[in-house]
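Shown next, in structure tokens, is the structure this report addresses.
The values are calculated or read from the model by the stated rules, or taken from the named source; none is laboratory data. Since the structure is predicted, the reported quantities are computational estimates derived from the model, not experimental observations. Neighbour counts are summed over all protein chains in view; Cβ atoms, including those assigned to glycine, are modelled from backbone coordinates with ideal geometry. Surface areas here come from the heavy atoms of the whole protein model, side chains and all, with no ligands, DNA or RNA. Shrake-Rupley method; radii C 1.70, N 1.55, O 1.52, S 1.80 Å.
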Amino acid sequence: MTAIVIWLSAEPWPGTKNLIEMLEVPEEYVMKLPYYPLHLIEPFALTNEELMKYGPEVGTVLVFIKNSKNQYQLSDVLKKYEAEFSNVSPLAYDLINAVTKIEFDRKIKIRNGVINMCEAIIQMQNSSRNEGFKIGKDEGIRIGKHEGIEIGRNQELRKMAVKLLASGFSREAVANFLEISNTHLELVLSEEDK
């Protein structure tokens, strides 16, 4: 019997490498059972070149999984193996998607029965970039709106403070009337001079 395990993770294999240690076998039976080593295909422990030797379909999946945690390594791998990653079967694509949990654009096209993973990654990066721009824009609008409200409030406080001071009220009395601190009043008045 030969046990072959393909470990679909970018992380190291966490278990033992023989079947007896994987099973809970009473000690008195361990010596009576044959030793079955686990033949492990572990992307973490192999080079990209070694993984590609498993063929274009399996090799591509394993290389992608191995490099999926580092976008720079993944980008380099996609360039190096562009021909292989430009012709990925839908099954391999789905497996990569399920294992890595990378959310690819759902609009990716199947052409001649294959998917271009390089194109999928570019679409994903563009989508992420656009989402980042939108978040930044929305945050900028929110901050701008808040600052605009604050500026408008301070302008009204300035107008009232100047009138009250011109009427002979002390700075402390004006601050109390406007329900702001003396420091805030000084800030409001200094802005008036600008």
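Compute the angle between helix 71-80 and the longest alpha-carbon principal axis of the chain, please, reported from 0 to 90 degrees and rounded to the nearest 10.
It works out to around 50 degrees.
What fraction, in whole percent, of alpha-carbon pairs in the stretch 132-194 exceed 17 Å separation?
Values: 914 of 1953 pairs.
For the stretch 132-194, the share of Cα pairs beyond 17 Å comes to 47 percent.
Which pairs in the list LYS80/LYS101; LYS17/LYS69; LYS32/LYS66; LYS80/LYS134 are over 27 Å apart, alpha-carbon to alpha-carbon? Working shown, then result.
On the way: LYS80/LYS101 23 Å; LYS17/LYS69 25 Å; LYS32/LYS66 38 Å; LYS80/LYS134 32 Å.
Exceeds cut-off: LYS32/LYS66; LYS80/LYS134.
Where the convex hull is taken over the Cα atoms of the stretch 80-194, what is its projected area averaged over directions, in nm²? Don't skip to the end; give the middle numbers.
Working: hull surface 50.2 nm².
Value for the stretch 80-194: 12.6 nm².
How large is the convex hull of the Cα atoms of the stretch 1-92 per residue, expressed in Å³ as a whole number?
For the stretch 1-92, the hull spanned by Cα atoms encloses 110 Å³ per residue.
Report, ordered by chain and residue number, the aspartates and glutamates lying within cross-link reach of LYS79, taken as a straight Cα distance under 16 Å and ignoring same-chain residues fewer than 8 apart.
Within the straight-line limit of under 16 Å, LYS79 reaches these aspartates and glutamates: GLU49, GLU119.
If you line up the long axis of helix 56-67 against the longest principal axis of the chain, both from Cα atoms, how many degrees apart are they, to the nearest 10?
Long axis of 56-67 versus the principal axis of the chain: about 40 degrees.
For the chain, I need the span (max minus min coordinate) of the C-alpha atoms along each principal axis, in Å, sorted largest to smallest.
Computed over the Cα atoms, the extents are 103, 55, 23 Å.
Rank MET31, MET22 by accessible area, highest first, at a 1.4 Å probe radius? Mind showing how you got there, number by number?
Details: MET31 165, MET22 95 Å².
The ranking, largest first, comes out as MET31, MET22.
So how do 11-19, 51-59 stack up, highest first, on mean other-Cβ count within 10 Å? Write out the running numbers ahead of the final one.
On the way: 11-19: 12.1, 51-59: 16.0.
By packing density, highest mean first, the sequence is 51-59, 11-19.
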